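*Asks:* Right, I'll just put the structure down here and ask away after.
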Amino acid sequence: MVTGREVDVLHADVDAPVGIGLCLAAFGGAPLATALEVACSVGLTQVDLPTDTSLGLADVVRLDTDPSYRATVLRAIRASPVRVTCVSNSRDAQLLLGPHGSHTDSVRTGSAKEKRAHGLRAAFGTIRLAADLGASHVRLMLGCPDYARWLNWWGSDVSWSDNIASWVDEAAPVLDAAMDAGVSLLVEPHPKQVAYDRLSAEELLAATAAQWPGVARLCIDPANLAAIGHDPEDAVRGWGDRLAAAHAKDLQRWKGRGAPQGTGWCRYGPQPHIRFRTLGSGELPWPSILGALLDEQFGGTVYIEHEDPLLPRRQGIAYAAQQLRSLLPACGPEGRSW
């Protein structure tokens with residue numbers, strides 16, 4: 001239940017130049033009502049709602065096949081003072097481009113054709129839910145057909161640009177659906193995606209600009225780009241209105257020998273081990289990153305992503321929200337007055 005004080009807190013961020021939101025993927029396995037209640041309790045006005053079947057918050061297949069379930073989900077969302085401003089799918093939709101081997105059977109079993117169909121269905125369902133909720137963005141990870149194209153093979157003219165071309169071919173009906181629904185399709189550069197760094201993201205946006213003007217835009221996660229060696233501050237610069245959203249989490253990079261002790265460490269390919277932490281608990285220069293967003297006149301939403309293995313969800317999210325509020329203007333700044 002939302003108290004009067006919580007509603008007042010929610011209203012406090014309404015006029016802020018940059019919105020602060022929460023990615024609800026951290027609540028996989030929990031009831032949707034719990035995720036919305038936590039967002040509300042820490043005063044967050046906006047959320048990114050995942051439709052992944054593996055999370056169970058708003059299962060995209062059940063939404064498409066069970067009218068009673070869809071009504072229950074919509075009722076829970078509309079009863080909350082928190083607004084769904086982005087609807088996302090990071091696992092099911094990934095099967096559109098793959099990979100389609102046995103290691104994605106945990107998402108959907110079957111042939112490559114069956115997995116592609118599942119990915120496309122998930123993308124369409126996510127867009128329909130966004131339209132029903134009046135959300136302006138869908139964030140979809142559509143996969144990558146061939147990671148080996150990172151390195152050009154001697155004697156071959158195949159390159160990463162072929163992945164870009166495959167993405168445009170396979171994503172064409174998804175882009176059409178997003179354009180028809182009046183929503184932007186947010187692409188998040190990530191090592192498991194066709195757009196994984198600045199250059200590949202630039203190429204992908206350029207490849208979609210003529211046929212789908214303004215439909216494909218970006219959600220930048222500085223921590224994911226820093227994890228593979230890119231400058232996190234530069235990651236948010238220079239995009240203009242092509243940058244619609246950003247993710248906020250922190251990063252630890254292992255600099256010692258061997259494998260690190262403790263929980264949550266992973267590797268992105270050949271890079272050293274990394275661990276994601278709540279905002280302000282790692283090594284990223286978040287004051288500079290947010291300052292760069294303000295320099296760029298960013299007017300979108302910064303979504304907290306809680307992936308910290310050392311802090312409970314509510315504690316980590318509350319701390320990240322506190323850090324963002326201390327670094328982002330609550331209203332238009334007055335500027336120098338002397």
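*Asks:* What is the distance, in nm, between label points placed 7 Å from the Cα along the Cα-to-Cβ direction at R257 and at R78?
*Replies:* Taking the simple label geometry, R257 and R78 are separated by 6.3 nm.
*Asks:* How high is the relative contact order of region 134-257, in percent, counting Cα pairs under 8 Å that sit 6 or more residues apart?
*Replies:* Averaging sequence separation for qualifying contacts and normalising by length gives 23 percent for region 134-257.
*Asks:* A follow-up question, please. Give me the 1.4 Å probe accessible area per residue for the chain, excluding ligands and nucleic acids, in Å².
*Replies:* Using a 1.4 Å probe on heavy atoms only, each residue of the chain averages 45 Å².
*Asks:* What value, in deg cm²/dmol to 500, does the helix sum -39500 (n - 2.57) over DSSP H runs of n ≥ 4 give at 222 nm once divided by the residues of the chain?
*Replies:* Numbers: 10 runs with 123 residues, N = 338.
That calculation yields -11500 deg cm²/dmol at 222 nm.
*Asks:* Run the numbers on the chain and let me know its relative contact order in percent, using alpha-carbon pairs under 8 Å that are six or more apart.
*Replies:* Normalised by residue count, the contact order of the chain is 16 percent.
*Asks:* How much length, in nm to one decimal, is gained on full extension between W338 and W153, taken as 0.36 nm per residue of separation minus their Cα-Cα distance? Could the numbers behind the result be given before it?
*Replies:* On the way: separation 185, 0.36 × 185 = 66.60 nm, distance 6.07 nm.
Between W338 and W153, full extension yields an extra 60.5 nm.
*Asks:* Would you be so kind as to identify which of L57, H118, T263 lies farthest towards the positive end of the dipole of the chain, taking Lys and Arg as +1 and Asp and Glu as -1 on Cβ and the Cα centre as origin?
*Replies:* In the chain, that residue is T263.
*Asks:* Further question on the same structure: Rank-order 159-166, 265-272 by packing density, defined as the average count of other C-beta atoms within 10 Å over each peptide's residues, highest first.
*Replies:* Ranked from most to least packed, the peptides come out as 159-166, 265-272.
*Asks:* Now for a different question. Nearest 5 is fine: what % of DSSP beta bridges in the chain come out antiparallel, could you say?
*Replies:* Beta bridges within the chain, antiparallel portion: roughly 15 percent.
*Asks:* Hey, what D do you get for region 84-157 in µm²/s if you plug the Kirkwood alpha-carbon radius into Stokes-Einstein at 10 °C and 1.306 mPa s?
*Replies:* For these conditions, the coefficient is 119 µm²/s.
*Asks:* Next up: Using 1/(1 + (r/R0)^6) with R0 = 22 angstrom and r between the beta carbons of Q315 and S288, what's the FRET efficiency to the nearest 0.05?
*Replies:* The calculated FRET efficiency here is 0.30.
*Asks:* Which percent of the accessible area of region 143-199 is formed by carbon and sulfur heavy atoms (probe 1.4 angstrom)?
*Replies:* 57
*Asks:* I've got another one for you. Bins of 10 Å, beginning at zero and ending with the bin holding the largest distance: percent of Cα pairs per bin for region 116-178, please.
*Replies:* Histogram of Cα-Cα distances, whole percents per bin: 19, 41, 24, 12, 3, 0.
*Asks:* Using a ≥ b ≥ c from the Cα gyration tensor of region 105-240 (square roots of the eigenvalues), is it rounded, prolate or oblate, where a/c under 1.5 gives rounded and otherwise the larger of a/b and b/c decides, a/b for prolate?
*Replies:* Since a/c reaches 1.5 but b/c is at least a/b, the shape of region 105-240 is classed as oblate.
*Asks:* Right, next: With the Cα gyration tensor of the chain in hand, convert its eigenvalues to equivalent ellipsoid semi-axes via √(5λ) and list them largest first in whole Å.
*Replies:* 29, 25, 21
*Asks:* Suppose each label sits 7 Å from its Cα in the direction of the beta carbon; what would the Q297-A112 distance come out to in nanometres?
*Replies:* 4.6
*Asks:* Continuing with the same structure: At a 1.4 Å probe radius, which order do W150, W338, W212 fall into by accessible area, largest first?
*Replies:* Largest accessible area first, the list is W338, W150, W212.
*Asks:* Leaving ligands, DNA and RNA out of it, report the carbon-plus-sulfur percent of the accessible area of region 53-117 at a 1.4 Å probe. Can you show the working numbers first?
*Replies:* Details: 1590 of 3120 Å².
Carbon and sulfur: 51 percent of the exposed surface of region 53-117.
*Asks:* Let me ask you something else. Percent relative contact order of region 134-201, based on C-alpha pairs within less than 8 angstrom and at least six residues apart?
*Replies:* RCO, region 134-201: 43 percent.
*Asks:* Show me the helices of the chain, taken as full DSSP H stretches, that run 27 Å or more along their long axis by Cα and average -0.5 or above in Kyte-Doolittle hydropathy. If you can, show how the numbers build up before the last one.
*Replies:* Numbers: long enough: 112-133 (32 Å, -0.16); 160-181 (30 Å, 0.15).
Within the chain the helices that satisfy the rule are 112-133, 160-181.
The values are calculated or read from the model by the stated rules, or taken from the named source; none is laboratory data. Note that this is a predicted model, so its numbers are computed, not measured. Positions of Cβ are backbone-derived with ideal geometry, glycine not excepted, and every protein chain shown enters the neighbour counts. The area values use the complete protein model at the heavy-atom level, side chains included, leaving out ligands, DNA and RNA. Shrake-Rupley method; radii C 1.70, N 1.55, O 1.52, S 1.80 Å.
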